[in-house]
Amino acid sequence: DQQVKQNSPSLSVQEGRISILNCDYTNSMFDYFLWYKKYPAEGPTFLISISSIKDKNEDGRFTVFLNKSAKHLSLHIVPSQPGDSAVYFCAASAASFGNEKLTFGTGTRLTIIP
Amino acid sequence: ETGVTQTPRHLVMGMTNKKSLKCEQHLGHNAMYWYKQSAKKPLELMFVYSLEERVENNSVPSRFSPECPNSSHLFLHLHTLQPEDSALYLCASSPGTYNTGELFFGEGSRLTVL
């Protein structure tokens, strides 16, 4: 049973437009959420995170929104650039589980069309 | 050398072989991890080491045997593997196990079991 779900395996967005990647989770114990980005032949790299005490965190072109009641988070990238083409993984952790135990989604492949 | 490095990047082995994957981190971190990424599945946590002590063994078959001789090095010894063990094996590190969950990943070792 997947506790973190990314229901869109792929997404294509025009350069300059907004990219929105979605993630749903089922475990209400999760209290910290992260997004990782992965290029081919490279390991995932940390992108942005959000604690459950917040509903928004922004870092440059990247913003993560958290809706706890819906158990949903989203990553907004604006404006989208060709270098943003990658696989994006959503991950969640819980302090009570030990924060090192990240639970990952299956990833969404984002393609930015020039 | 920077970050987290994994060797070999690619490995092909028969079911009766014995091989090892190596991971080295140059970040001064105290925790190291092995993750498995199979096609169309989420990253799965296999093992966690904190200060060279194993703190998590996520129900991994005994044909996978980890070793952490010091806080900078992590090995995954492989023996009598099955074809379904073919996957990308990712090593990661973090400052400690009770941090915010941000992990620093290596580029992965792509394993094919024939």
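The values are calculated or read from the model by the stated rules, or taken from the named source; none is laboratory data. Predicted model only: the values in this text are computed from it and were never measured. With ideal geometry, Cβ positions are generated from the backbone for all residues, glycine too; neighbour counts draw on all protein chains shown. Just the protein is used for accessible areas: all its heavy atoms, side chains included, with ligands, DNA and RNA removed. Shrake-Rupley method; radii C 1.70, N 1.55, O 1.52, S 1.80 Å.
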Here, B:Leu51 and A:Met29, labelled 7 Å along Cα→Cβ, have an inter-label distance in nm of 2.4
Measuring from its Cα centre, the protein assembly as shown shows a charge dipole (+1 at each Lys and Arg Cβ, -1 at each Asp and Glu Cβ) which, in debye to the nearest 20, is 520
Heavy-atom accessible area per residue of chain A, all protein chains kept, 1.4 Å probe, expressed in Å², is 46
With R₀ set to 45 angstrom, the calculated FRET efficiency between the beta-carbons of A:Ser69 and B:Val12, to the nearest 0.05, is 0.40
Computed from the beta carbon distance with a Förster radius of 22 Å, FRET efficiency for B:Arg110 and A:Lys5 to the nearest 0.05 stands at 0.30
Rounded to a whole number, the mean other protein chain Cβ count within 10 angstrom for residues of B:103-110 is 4
Cα extents of chain A along the principal axes, largest first, in whole Å, come to 43, 28, 21
Asked for the total accessible area buried by B and A (1.4 Å probe, Å², nearest 100), one would answer 1700
Here the Kirkwood hydrodynamic radius of the range A:1-49, Cα-based and in Å, equals 13.1
Rounded to whole angstrom, the alpha-carbon centroid of the range B:1-24 lies from that of the range A:1-79 at a distance of 30
Per DSSP, the loop-located chymotrypsin sites (Phe, Trp or Tyr not before Pro) within the range B:65-98 having at most 14 other beta carbons within 10 Å are B:Tyr98
Partner shielding of A:43-49, taken as the mean number of other chain Cβ atoms within 10 Å, equals 6
At R0 = 45 Å the Cβ-Cβ FRET efficiency linking B:Thr80 and A:Arg109, nearest 0.05, sits at 0.85
With the dipole of chain A defined by +1 on each Lys or Arg Cβ and -1 on each Asp or Glu Cβ, the option from A:Phe46, A:Asn7, A:Tyr88 whose Cα lies farthest towards the positive pole is A:Asn7
Across B:30-40, the residue-averaged tally of Cβ atoms belonging to other chains within 10 Å stands at 2
With all protein chains present, chain A has a carbon and sulfur share of its accessible area (1.4 Å probe) in percent of 49
Simple spin-label estimate for A:Glu42/A:Asn57, 7 Å along Cα→Cβ, in nm, reads 2.0
Protection proxy (average C-beta count within 10 Å per residue), highest first, orders A:23-35, B:44-56 as A:23-35, B:44-56
